[in-house]
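Novice: Take a look at the following structure, please.
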Amino acid sequence: MNHSDRITIDADICHGKPCVRGMRWPVEIIIDMLGSGMSMDDILEDHPELEKEDILASLNFAKLYLTGRSINEVA
């Protein structure tokens, strides 16, 4: 999965936090929704502007971040 297509970092959007496709959807919010018990289907139903691939990219970005790898590195 190419994260640069899904996860963007722009100083003018959400104070430069990693976001989904340049929208005001920080990765941390996606992770928070999943952590609160929402399923992928719940999130997609409540927020139709998001796509399954956005959620998967957010999870993968978080994994890379925790391992100290760059968003530009592809496994």
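Just so it is clear, none of the values below were taken in a lab; they were calculated from the coordinates. The structure displayed is predicted, hence computed values, not measured ones. Cβ coordinates were reconstructed from backbone atoms using ideal geometry, including for glycine residues, and neighbour counts include every protein chain displayed.
Novice: Wrap a convex hull around the Cα atoms of the chain, take a quarter of its surface area, and give that in square nanometres.
Specialist: Quarter of the Cα hull surface area: 4.8 nm².
Novice: Hey, what did the chain get for relative contact order, percent, Cα under 8 Å, at least 6 apart?
Specialist: Averaging sequence separation for qualifying contacts and normalising by length gives 31 percent for the chain.
Novice: Modelled label-to-label distance, T67 and E45, 7 Å Cα→beta-carbon offset: nm?
Specialist: Here the answer is 3.3 nm between the modelled labels.
Novice: For an R0 of 22 angstrom, estimate the FRET efficiency from the Cβ-Cβ distance between L56 and S36 and round to the nearest 0.05.
Specialist: Plugging the Cβ-Cβ distance into 1/(1 + (r/R0)^6) gives 0.80.
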